[in-house]
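Note sheet for the following structure.
The values are calculated or read from the model by the stated rules, or taken from the named source; none is laboratory data. Since the model is a prediction, treat every value here as computed from it, not as a measurement. All Cβ positions, even for glycine, are placed from backbone atoms using ideal geometry, and neighbour counts span all protein chains on display.
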Amino acid sequence: MNNKEQNITRRDFIANTAKTGLAIGLVGAGVTDTFASIIEVKSPNAFATGFAQTPLAYAYPALEPNIDARTMEIHYTKHAAAYATNLRDAAKEENVNTSKPLENVLASISKYSVKMRNNGGGHYNHELFWSIMAPNTGGKPEGKLMEAIVASFGSYEAFATQFETAAKGRFGSGWAWLSVTADKKLVVSSTPNQDNPLMDVAEVKGIPILGLDVWEHAYYLHYQNRRPDYVTAFWNVVNWKAVADRFNAVL
Ligand code: MN3
């Protein structure tokens with residue numbers, strides 16, 4: 001996501017919506033009005049990840065010692081690459097226009113194949129994951145995002161505990177999320193497999209602004225069975241500026 005995309009205003013969005021018919025398309029696709037309304041307040045391009053991998057913004061060893069170089073390399077070049085390739089396959093098979101935002105597909109994922117669900121989610125989730133981490137980050141969020149976290153959870157610490165619990169407690173493979181709901185609150189949730197909160201099948205719906213991959217492939221080489229240690233180390237590499245950019249784009 002570049003600065004230009006982040007700075008798209010609500011007015012621009014409405015103009016774009018008129019051109020693309022995105023909001024109408026979402027409602028027509030059977031998405032609830034509530035959920036469509038949170039999609040409406042952002043640019044149709046603000047969270048678009050396309051159907052191809054974005055180059056990593058940092059080197060594989062950049063997040064060490066929290067995430068080791070070998071894990072990053074395999075994760076990005078093998079696991080995430082496969083989701084992108086298989087997503088393009090699924091798009092071809094199911095006549096999905098790859099020039100349109102992937103969010104459109106995810107918001108009505110129940111109408112597509114399991115292949116689309118697993119790989120569309122897999123691609124979107126990993127693109128988000130890479131983008132909200134960076135070297136020399138960590139610490140705490142600031143500004144409007146921090147205010148919203150305190151308003152929604154009571155304190156940053158309460159939020160962090162809830163997020164860690166979601167990440168540690170997800171049985172098997174999945175993700176932990178911080179999302180913006182339709183009423184502009186922040187909510188923590190977790191999803192199984194490669195599902196995410198954009199999907200119409202998600203128990204807790206919203207626009208994800210922070211996500212943590214808790215599949216074993218994300219941490220096993222370095223942490224083995226110690227998922228809790230990986231979850232704790234994640235805070236050292238969260239790029240809160242990038243998370244805030246996502247948050248501000250949804251507001
Ligand atoms: Mn993964």
Across (1) among the small types (G, A, S); (2) assigned to a loop (DSSP other than H, G, I, E, B); (3) more than 15 Å from the ligand (Cβ to nearest atom), A249 clears everything bar (2)
Restrict the check to segment 88-104 and report whether at least one residue is at pLDDT 95 or above, out of contact with any Cys (no Cβ under 7 Å at 6 or more places or on another chain) and within 16 Å of the ligand (Cβ to nearest atom). no
For this session: Return yes when A90 is of a type in the set (G, A, S), in contact (Cβ under 8 Å) with a residue 12 or more places away in the chain, assigned to a helix (DSSP H, G or I) and buried (at least 20 other Cβ atoms within 10 Å of the Cβ) and no when it is not.
Result: yes
Subset of segment 155-179, residues more than 18 Å from A218 (Cα to Cα) and among the hydrophobic types (A, V, I, L, M, F, W, C), comes to A158, F159, A160, L178
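Residue by residue, here is whether (1) surrounded by fewer than 22 Cβ atoms within 10 Å (Cβ to Cβ); (2) out of contact with any helix residue (DSSP H, G or I) (no Cβ under 7 Å at 6 or more places or on another chain); (3) more than 13 Å from G169 (Cα to Cα) holds:
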position	(1), (2), (3)
T191	no, yes, no
Q194	no, no, yes
P197	no, yes, yes
P208	no, no, yes
H217	yes, no, yes
Y223	yes, no, yes
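Can you work out which of the residues in segment 156-175 that are free of Cβ contacts under 8 Å to residues at least 40 places away in the same chain and touching a Phe, Trp or Tyr at 6+ places or on another chain (Cβ under 8 Å) is surrounded by the fewest Cβ atoms within 10 Å (Cβ to Cβ)?
Selected residue: Q162.
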When L251 is run through (1) surrounded by fewer than 16 Cβ atoms within 10 Å (Cβ to Cβ); (2) at pLDDT 95 or above, the failure sits at (2)
Requiring at least 1 residues that are within 16 Å of the ligand (Cβ to nearest atom), the helices (runs of 4 or more DSSP H) wholly within segment 117-226 are 156-169, 220-223
Residue check, I74 within 14 Å of the ligand (Cβ to nearest atom) and either assigned to a loop (DSSP other than H, G, I, E, B) or exposed (fewer than 13 other Cβ atoms within 10 Å of the Cβ) (or both)
no
